[in-house]
1. Wholly within segment 13-105, which helices (runs of 4 or more DSSP H) include no fewer than the required count, namely at least 1 residues that are at pLDDT 95 or above and buried (at least 16 other Cβ atoms within 10 Å of the Cβ)?
2. Take segment 138-175 and flag every residue that is closer than 23 Å to residue 197 by Cβ and in a helix (DSSP H, G or I).
3. Quick check on this structure: which one of 229, 239 is surrounded by fewer than 21 Cβ atoms within 10 Å (Cβ to Cβ) and part of a loop (DSSP other than H, G, I, E, B)?
4. Mind listing just one residue for me: the one in segment 201-214 that is away from ligand 1 (no atom under 11 Å from the Cβ) and either in contact with a helix residue (DSSP H, G or I) (Cβ under 6 Å, 6 or more places away or on another chain) or over 15 Å from residue 91 (Cα atoms) (or both) and, of those, modelled with the highest pLDDT?
5. Residue check, residue 251 against (1) under 20 Å from residue 75 (Cβ atoms); (2) surrounded by fewer than 20 Cβ atoms within 10 Å (Cβ to Cβ), all met but one. Which one?
6. Taking the stated definitions as given, is residue 303 assigned to a strand (DSSP E or B), away from ligand 2 (no atom under 14 Å from the Cβ) and either in contact (Cβ under 8 Å) with a residue 60 or more places away in the chain or touching a strand residue (DSSP E or B) at 6+ places or on another chain (Cβ under 8 Å) (or both)?
7. Select from segment 78-89 the residues that are within 13 Å of ligand 2 (Cβ to nearest atom) and in contact with a helix residue (DSSP H, G or I) (Cβ under 7 Å, 6 or more places away or on another chain) and list them in ascending order.
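The values are calculated or read from the model by the stated rules, or taken from the named source; none is laboratory data. Everything quoted here is computed from the prediction, not taken from an experiment. So basically every Cβ, Gly included, is an ideal-geometry build from the backbone, and we count neighbours across all protein chains shown.
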Ligand SMILES: Nc1nc2c(c(=O)[nH]1)N[C@H]1C(S)=C(S)[C@@H](COP(=O)(O)O)O[C@H]1N2
Ligand SMILES: [Mo]
C-alpha cells in the first residue's frame, strides 16, 4: 500500500497514536445517514483509542449537543440551522489540494486520508467568540503531518485555508453575510504546532455535515471561527492571507484571534463563557487553557494589537 504519511521514527510512536481499524465497523447515526445519501459509501469507522496526552479530562459535551448547536453560516446563521440544512452537503467524492510555496504540491483524496493518516482522538475545548464553549472528542491527525508531505519551502510563512462554497449544496451562500468562500489563515508555526488538528470525525464516527464534513480544522487555543469547516484547499503562502471574518469586520476579528479574556470583542466581553449544558458561566482562560503549550509562539507580541 502506498503511504501518504512517512512512518514516524520508532522513538516518536506514542502509545496513544491510534490507527483506523477497517475490520471494526460500526454504523452510528452519522454512518446510517451517510449510507442513505451515498449508496455504497463507507460506514463510520470505529475510531476509539487511548486518550492523547493533549486531551482534556473535562466532561465532554454530548453527541447531541455537539451536533445540534453549530455555527456553519453556509447553512444558515441560527445555531439549529446547520443540523437541519446540512444534509444537502455531499462530502464524497472530496479532495483537498495542498499547494503554494512547497516542493511537491499534492491533491489528497479523502478516502485515502481516512485509511492512511495516523488518526488520534483529541478531546479539546472549543471557545466561540460569542461566549459559549464545548468539549469535543475529535478524531483526526496533526495538520503538520500533512504539510510535511508537500515539503514547504522557506517562503512558506503562512497557511491559507479555503472551504467549499457551492450554492447548490449550501443554502446560506445566497445571503452575503460573508464574502464566500469562507477562508481562514494561520502563521506557519501555528499550523505546524502539534495541537493543530485536521479532524475527520468526532465521538469515534465520521464528522456529521454540520460539524464540517468531511474534513475541518481545529485550533483549540483560538476562537472557534478559525476552525474552518469542509476544507477544499490548503495553500502555503509568503504573505499573511486575508480571512473571511477579518474582511467582514476588521475591528472585531483579527488575524490571530487567540482566546484572550483580557481583550474584549467590541460586542462581547471575553472574560467568561457559558459551557453548553451548564447554567453558571465560567472564567475564560488565556489561550483557552492551552497557554503552557502555545504562549511561547507569541512571546514579545502586543496581544492587544495583534488580536
Ligand atoms: N466554513 C465554515 N467554517 C466555520 C464556520 C462557518 O460558518 N463556516 N463557523 C466557525 C465558528 S464561528 C465556530 S464557533 C466553529 C463551530 O464548530 P462546531 O459547529 O463544530 O462546534 O466552526 C467555525 N468554522
Ligand atoms: Mo464561533
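1. 63-68, 81-85
2. 143, 144, 145, 146, 147, 148, 149, listed by residue number.
3. Numbers: 229 fails: surrounded by fewer than 21 Cβ atoms within 10 Å (Cβ to Cβ).
Criteria check complete, one pass: 239.
4. So the residue we want is 214.
5. The single condition residue 251 does not satisfy is (1).
6. Against the criterion (assigned to a strand (DSSP E or B), away from ligand 2 (no atom under 14 Å from the Cβ) and either in contact (Cβ under 8 Å) with a residue 60 or more places away in the chain or touching a strand residue (DSSP E or B) at 6+ places or on another chain (Cβ under 8 Å) (or both)), residue 303 does not qualify.
7. From segment 78-89, those within 13 Å of ligand 2 (Cβ to nearest atom) are 79, 82; that's our starting set.
Passing the criteria: only 82.
Yes/no per residue for (1) modelled with pLDDT of 95 or more; (2) closer than 19 Å to residue 85 by Cβ:
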site	(1), (2)
176	no, yes
189	yes, no
216	yes, yes
223	yes, no
229	yes, yes
241	yes, no
